[in-house]
Amino acid sequence: SLVGKHISLFLDNPKLFSYLVSEGWSGALPRISEKKGEYVDFLAPVEANLGANKANYYLDRRYDLETVIGKEGEIRHRLKINYTNRSPSDVWPGGIYKNRMRIYLPFGTKLTRVLWGETNITKDVSSFVDFGRSGYSMLLQLGPKEQKSLIVDYEIAQKLKFIESKAVYKLDIIKQAGTLQDPLNWKLTYPINMQIVSTQTEKIGPQELNISTDLSTDRSFEV
């Protein structure tokens, strides 16, 4: 339950609490930590149900993240979250899922487009800075028996750091406390002038890698 974030702990004892933080059991976002020659990317979606109901019980979601690395080391993402509200009606405990969505990204990340279903809501998204990271907030509504996808296109401010023609790219995806095993698919596309040193993932094309897993816990990837 601690690993899956179904329990979070706080202790007054600073030494013991620092251990809880290091294990990821405190509910806090991880600290920013990079070594020379590597870049640590970050994604943490956080939802809050404002509907005064239990629509979360009826909610299914799936994450698809497409990452494209450019020839100069620039990093662009497309995050797609597919939602299904299986509430049978508007009657409590189900009903409309009113979601105040917040997405935490690396500091300086530029948002280029946000779609909710077929509607462009980019102008309705508000930005903030918290925990040393850039954040974007939006209000999403999903009715009973309705399916919609949230699509977020964004570009990271920094580029891959190459030292002697080598770079390390890390991606941390943070699971929200209380959620179950939402499926996660990550596709990485990189240019013809780069190659992966080694891989333990499924290769789906000449310059593409694919990882299929879930967010039953935090996930960290390294390329």
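The values are calculated or read from the model by the stated rules, or taken from the named source; none is laboratory data. Treat the numbers as computed from the prediction; the structure is a model and nothing was measured. Neighbour counts run over all protein chains shown; Cβ positions are idealised from the backbone, glycine included. SASA here: full protein model, heavy atoms, side chains in, ligands and nucleic acids out. Shrake-Rupley method; radii C 1.70, N 1.55, O 1.52, S 1.80 Å.
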Gain on full stretching of the segment that runs from Ala28 to Asn185 - 0.36 nm per residue minus C-alpha separation:
54.1 nm
Please report the base-10 log of the normalised intensity I(q)/I(0) for segment 121-223, using a Debye sum with one equal scatterer per alpha carbon and no solvent, at each q in 0.23 (1/Å).
-1.45
For the chain, the accessible surface attributable to carbon and sulfur atoms (probe 1.4 angstrom, ligands and nucleic acids excluded) amounts in percent to 51 percent
Expressed to two decimals, segment 59-143 has a Cα Rg over Rh, using the Kirkwood radius, of 1.03
Based on the alpha-carbon set only, what is the convex hull volume of segment 1-71 divided per residue, in Å³?
160 Å³
Surface accessible to a 1.4 Å probe, per residue, for the residues of the chain, Å²
57 Å²
In nm, what is the difference between 0.36 nm times the number of residues separating Glu155 and Leu16 and their Cα-Cα distance?
46.3 nm
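Enumerate by residue number the GluC sites (Glu not before Pro) in segment 124-223 meeting two conditions: DSSP loop (anything except H, G, I, E, B), and at most 12 other Cβ atoms within 10 Å of the site's Cβ. Kindly include the intermediate steps, with their values, before the conclusion.
Numbers: sites: Glu146, Glu155, Glu164, Glu202, Glu208, Glu222; in loops: Glu146, Glu164.
Answer in residue order: Glu164.
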Rounded to the nearest 10 Å², what accessible area does Met194 show when all protein chains are kept and the probe is 1.4 Å?
30 Å²
Phi angles of segment 51-63, converted by Karplus (6.51 cos²θ - 1.76 cosθ + 1.60, θ = phi - 60°) into ³J(HN,Hα) in whole Hz with x for Gly and Pro, give x, 6, 9, 10, 4, 4, 4, 9, 9, 10, 9, 9, 9
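How would you order 95-107, 62-74 from highest to lowest mean count of nearby Cβ atoms within 10 Å?
Working: 95-107: 19.5, 62-74: 16.2.
Ranking the peptides 95-107, 62-74 by packing returns 95-107, 62-74.
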Accessible area of Ser8, 1.4 Å probe, to the nearest 10 Å²?
70 Å²
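Given the rule -39500 (n - 2.57) for each run of at least 4 DSSP H residues, summed and divided by the residues of the chain, what is its mean residue ellipticity at 222 nm, to the nearest 500 deg cm²/dmol? Display every interim value, and only then the final one.
Details: 1 runs with 10 residues, N = 223.
Computed mean residue ellipticity for the chain: -1500 deg cm²/dmol.
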Low-density loop cleavage sites - trypsin sites (Lys or Arg not before Pro) in segment 140-198, where at most 16 other Cβ are within 10 Å (DSSP)
Lys145, Lys159, Lys161
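Probe radius 1.4 Å, ligands and nucleic acids left out: which of Trp116, Trp92, Trp25 has the largest accessible area, and how do the rest follow?
Trp92, Trp25, Trp116
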Cross-link reach list, aspartates and glutamates versus Lys54, counting only Cα pairs under 20 Å and skipping chain neighbours closer than eight places:
Asp90, Glu146, Asp182
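Of Phe131, Phe42, Phe17, which has the most accessible area with a 1.4 Å probe, and how do the rest follow in descending order? Display every interim value, and only then the final one.
Working: Phe131 125, Phe42 10, Phe17 55 Å².
Descending accessible area places them as Phe131, Phe17, Phe42.
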So the pair-distance distribution of the chain, from every Cα-Cα distance in 10 Å bins, comes to percents of 7, 29, 35, 21, 6, 1, 0
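Starting from the residue with the highest accessible area, list His6, His77 in decreasing order, probe 1.4 Å.
Details: His6 100, His77 10 Å².
The most accessible residue leads, giving His6, His77.
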Enumerate the calculated ³J(HN,Hα) couplings along segment 152-164 in order (Karplus 6.51 cos²θ - 1.76 cosθ + 1.60, θ = phi - 60°), each rounded to whole Hz, writing x wherever the residue is Gly or Pro.
10, 9, 8, 10, 6, 5, 8, 10, 4, 9, 9, 10, 6
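Kirkwood-based Rg over Rh for segment 142-194 (C-alpha set), two decimals?
Working: Rg = 17.0 Å, Rh = 15.7 Å.
Rg/Rh: 1.08.
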